[in-house]
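Scroll down for the structure; my scribbles are underneath it.
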Amino acid sequence: MEFRDLKKQYRILKDDIDKEIAEVLASGRFIGGSKVSELEQELADYVGVKHCISCGNGTDALQLGLMAWGIGEGDAVFVPDFTFFSSGEIVAALGAAPFFVDVEEETYNMDPKSLEEGIEKVLAEGKLTPKAIVSVDLFGLPARFPEIRAIADRYGLKILEDGAQGFGGEIDGKRACSFGDIGATSFFPAKPLGCYGDGGAVFTDDDRMADLIRSFCVHGKGSMKYDNVRIGMNSRLDSIQAGILKAKLRAFEAEEVDLVNKAADVYTELLEGKVGLPVIPEGYRSSWAQYTIRLESREKRDAVQVALKEVGIPTMIYYPKPMHEQKAFVPAEGLACPVTAKLCDTVLSLPMHPYIEREEIEEVVRNILKHI
Ligand SMILES: *Cc1c(COP(=O)(O)O)cnc(C)c1O
């Protein structure tokens, strides 16, 4: 069994993907060009924002957001303790301080109460200036944006939506990557919308930020590429990846998000009451980058993982370590995060993708139930 079956997806979408790649090869235009600009328009329309700027990967996309706001030394940026390293790395890379706050046990996303407590702590200490919040749409589920937006407004903070795993998620019909002042996603192959290499995109409604981000990702260009007005980076999505994403976005919109939600419903139906399940709040929709369950203890979780591996079922532990314990961040700023600590010991992500069969899900569940 595959954890995320990209080979099967390619078999299903082969004609469309091959045609897109062939068009790029025939055009001789491998960087930029119409494939990239068409894709950016299609992504902006899908997300429901004015601007999409494609770039080299999701980490760059996030960092470009913070660069556009001029975040740097002396600034505090609030980041969930339970996430992928990039969410905090981009803050530290710019010389600012990631301040880690706790998450909710059942949605795995940033806990608004912990966020507010963290902001108050930073203000009380007076060492750092609170500037922004990196709210992560973990495992495909949008963060608690209504609550987080209210807090951001109260304290005058920007929201950077880390939608690397969240593309395709929704709150009340509004799509992920549109909730932050700036949103960012990743097209790493295993993400909900993935290409066949690295890729990323930044989303915003703000014209000025969009111009700045376009400059930052082309060596701080001014009126043109050889007029450089600020220090930027070189970060771009190549034309072949853009073509692949155009084909994949069509399938994503037409059926993949629906299919992966049906697969999640099957897991939920079969596992209800047996293990800790991911909770999707009222009005929310996940794009199920992961289907992640919670076992009773670390011993139980590790035993289930080994047992599944023995019968050929791959699982992953996202994430085994809280961010504030990552050596690169120590000594980290932040609150005590007991929920994150517990999750790191008990979570297990199961095989999940739009083309997983009911029989496969039944096999996974049968094997889990044997060992709990
Ligand atoms: C994958 C991921 C990123 C980084 O994306 P890359 O394209 O690998 O740079 C950032 N944040 C989260 C939450 C991710 O899962």
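Values quoted throughout were computed directly from the atomic coordinates according to the rules given, and no laboratory measurement underlies them. All values derive from a computational prediction rather than experimental measurement. Glycine gets a Cβ as well: all are built from the backbone with ideal geometry, and neighbour counts include every protein chain shown.
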Each label sits 7 Å from Cα toward the beta-carbon; between H371 and I317 the label points are separated, in nm, by 1.3 nm
Packing rank of 140-146, 322-328, where each peptide gets the mean count of other beta carbons within 10 Å, highest leading = 140-146, 322-328
With +1 on each Lys and Arg Cβ and -1 on each Asp and Glu Cβ, and nothing else charged, work out how big the dipole of the chain is about its Cα centre, in Debye to the nearest 20.
-> 780 debye
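With Cβ to Cβ distances under 13 Å as the rule, what net charge do the other residues near F329 carry (K, R +1; D, E -1)?
Details: positive: K321, K327; negative: D81, E89, E325, E333.
My count for the surroundings of F329 gives -2.
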Between the alpha-carbon centers of segment 356-372 and segment 301-320, tell me the distance in whole angstrom.
-> 12 Å
Rounded, prolate or oblate: pick one for the chain, where a ≥ b ≥ c are the square roots of the eigenvalues of its C-alpha gyration tensor, a/c under 1.5 means rounded, and failing that, prolate if a/b is larger than b/c, else oblate.
-> oblate
Name the shape class, rounded, prolate or oblate, that the alpha-carbon gyration tensor gives for segment 39-196, where a ≥ b ≥ c are the square roots of its eigenvalues, rounded holds for a/c under 1.5, and otherwise prolate holds if a/b is larger than b/c and oblate otherwise.
-> prolate
Partners for K50 among lysines (Cα-Cα distance below 16 Å; same-chain residues under 8 apart left out) = K174
Centre separation in Å (Cα based) which lies between segment 231-250 and segment 150-204 = 16 Å
Sorting G32, S286, A61 by the position of each Cα along the dipole of the chain (Lys, Arg +1; Asp, Glu -1; all at Cβ), the one nearest the positive end of that ordering is G32
With a cut-off of 13 Å, note down the residues of segment 337-361 whose backbone N falls inside the zone around a label point 7 Å from the Cα of S297 toward its beta carbon.
-> 346
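How high is the FRET efficiency between K127 and K342 when r is their beta carbon distance and R₀ equals 25 Å, given to the nearest 0.05? Intermediate results must be reported in sequence, preceding the final value.
Values: r = 29 Å, r/R0 = 1.16.
Calculated transfer efficiency: 0.30.
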Cβ-placed point charges (K, R +1; D, E -1), dipole of segment 14-146 about Cα centre in debye, nearest 20 | 460 debye
Quick one: which of K113/K191; K8/K274; K14/K246 span more than 19 angstrom between C-alpha atoms?
-> K113/K191; K8/K274
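What's the ranking of 344-356, 278-290, 229-241 by average number of surrounding C-beta atoms within 10 Å, highest first?
On the way: 344-356: 21.6, 278-290: 19.9, 229-241: 18.2.
Going from most to least packed, we get 344-356, 278-290, 229-241.
If the only charges are +1 at each Lys and Arg Cβ and -1 at each Asp and Glu Cβ, what is the size of the charge dipole of segment 170-254 around the Cα centre, to the nearest 20 debye?
300 debye
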